[in-house]
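The values are calculated or read from the model by the stated rules, or taken from the named source; none is laboratory data. This is a predicted model, so every value here is computed, not measured. Reconstructed Cβ throughout: ideal geometry from the backbone, glycine too, with neighbour counts over all protein chains shown.
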C-alpha cells in the first residue's frame, strides 16, 4: 500500500471513529435526558416516596404487634411471606424479604406499570411523539432508550424497598448472624449478600413487567389505559397462579416465579428454580420488547 493510500485509509478510519463517537454521545445524551424527565417528574418522585414508605410502615406495624404475637406468624411454604415472620423477631434483615414479598403483590408492579404504560402512550397523548421521532436514528433507538429508562426506574424502586426495609429492620429489630429458611446460619455479611442477590433477581422480574407495559403502551395513545391493562394482566396472573386447577400453566405465567427468590435463602441454593425464574423473566422481556418494536416501527404515528 502506497503512502497516499495509507493516508486516505487512516483519514477514513478517523472519520468513522469520530462519527461513531458522535453517535454514542448522542445516544447517551438522549438516554440521560429521558432519565431526567422520568426521575424528576413530580408524580414519579411521589411514587418512589410511597414505595419507600411501605417497608417502614410494615416494620413499624410488625414491631408494634410483636409483643401481642410473639411468634410473629405461622410457618409458610416457598414464596410465602409467612416463611419470614418467624425469623424477623430474631433478625431485622428479614424485614427486607417481608417487604419485598408484600410489595410484589401490587405496589412494585404498579410503580413499573405507571412508567412503562406512560412511556410511549404518554408521548402520543401529549403530542410530543412526532418530535422525538424527528431526531436521527429513529424508532428503534427511541424504543431502546425508553425501555432502558423503564428498567432503571424499576431497579431504583426495587432497591429502595430493599434498602429502606433493611435500615428499618436494623433500627427496629435485633441484627446478627442470619438463620436461613433451611436452618443453616450464615454470617451477617453473607446474609447481606443474599439480600443483594434477591434484590437483583426481582429487578429482572420488574424488567419483564416493564417490557409488557412498553408493548401495551405502543397500542394506545392513552397512558391510563395502558397502565390499567398492565395491572389487570398482572393481577389476573397472580389470581390464576393461586388456583390449583391451573397448576399446569402456572409456570408460564409472568408472576409465577417472582416469589421463588426464597431459593436464595436456603443452603444449598436451589439453582434450577432460580434459573427457571430468570429464564422466564428474560423470555417475557425479549418477547414483549419485540412486540413493542414490531408495533412501533410499523405503525403510523399521528400524535
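Kindly indicate whether residue 97 is under 29 Å from residue 233 (Cβ atoms), in a helix (DSSP H, G or I) and at pLDDT 85 or above. Taking the combined requirement at face value, the residue satisfies it.
The residues of region 241-258 that are under 30 Å from residue 88 (Cβ atoms) and in contact with a helix residue (DSSP H, G or I) (Cβ under 6 Å, 6 or more places away or on another chain), listed by number, are 241, 250, 253, 254, 255, 256, 257, 258.
If you go through region 187-217 and keep only what is at pLDDT 95 or above and assigned to a loop (DSSP other than H, G, I, E, B), you end up with nothing. Screening 185, 179 for residues that are touching a strand residue (DSSP E or B) at 6+ places or on another chain (Cβ under 8 Å) and free of Cβ contacts under 8 Å to residues at least 40 places away in the same chain leaves exactly one candidate, 185. Comparison of 267, 297 shows that the only residue that is surrounded by fewer than 17 Cβ atoms within 10 Å (Cβ to Cβ), touching a residue at least 40 places away in the same chain (Cβ under 8 Å) and either touching a strand residue (DSSP E or B) at 6+ places or on another chain (Cβ under 9 Å) or under 29 Å from residue 182 (Cβ atoms) (or both) is 267. Taken as a whole, the structure leaves residue 258 outside the set of residues that are surrounded by 17 or more Cβ atoms within 10 Å (Cβ to Cβ) and closer than 17 Å to residue 218 by Cβ. Residues that are in a helix (DSSP H, G or I), within 26 Å of residue 258 (Cα to Cα), modelled with pLDDT of 65 or more and more than 21 Å from the chain's Cα centre (by Cα) occur in region 46-57; there is at least one.
Check 277, 225 and return the single one that is within 17 Å of residue 202 (Cα to Cα), in contact (Cβ under 8 Å) with a residue 24 or more places away in the chain and touching a helix residue (DSSP H, G or I) at 6+ places or on another chain (Cβ under 8 Å).
277
Mind checking whether some residue in region 104-116 is modelled with pLDDT of 90 or more, touching a strand residue (DSSP E or B) at 6+ places or on another chain (Cβ under 6 Å) and not in a helix (DSSP H, G or I)? The answer is no, given that none of the residues of region 104-116 is modelled with pLDDT of 90 or more, touching a strand residue (DSSP E or B) at 6+ places or on another chain (Cβ under 6 Å) and not in a helix (DSSP H, G or I). Tell me yes or no: at least one residue of region 65-84 is modelled with pLDDT of 85 or more and either out of contact with any strand residue (DSSP E or B) (no Cβ under 9 Å at 6 or more places or on another chain) or within 19 Å of residue 199 (Cα to Cα) (or both). Looking through region 65-84, none of the residues is modelled with pLDDT of 85 or more and either out of contact with any strand residue (DSSP E or B) (no Cβ under 9 Å at 6 or more places or on another chain) or within 19 Å of residue 199 (Cα to Cα) (or both). Within region 150-164, being touching a residue at least 12 places away in the same chain (Cβ under 8 Å) and either more than 11 Å from the chain's Cα centre (by Cα) or not in a helix (DSSP H, G or I) (or both) holds for 160, 161, 162, 164. One residue stands out in region 231-248 among those that are surrounded by fewer than 10 Cβ atoms within 10 Å (Cβ to Cβ) and assigned to a helix (DSSP H, G or I): the one that is farthest from the chain's Cα centre (by Cα), namely 245. Tell me, yes or no, whether region 117-130 has at least one residue that is surrounded by 15 or more Cβ atoms within 10 Å (Cβ to Cβ) and modelled with pLDDT of 90 or more. Checking region 117-130: at least one residue is surrounded by 15 or more Cβ atoms within 10 Å (Cβ to Cβ) and modelled with pLDDT of 90 or more.
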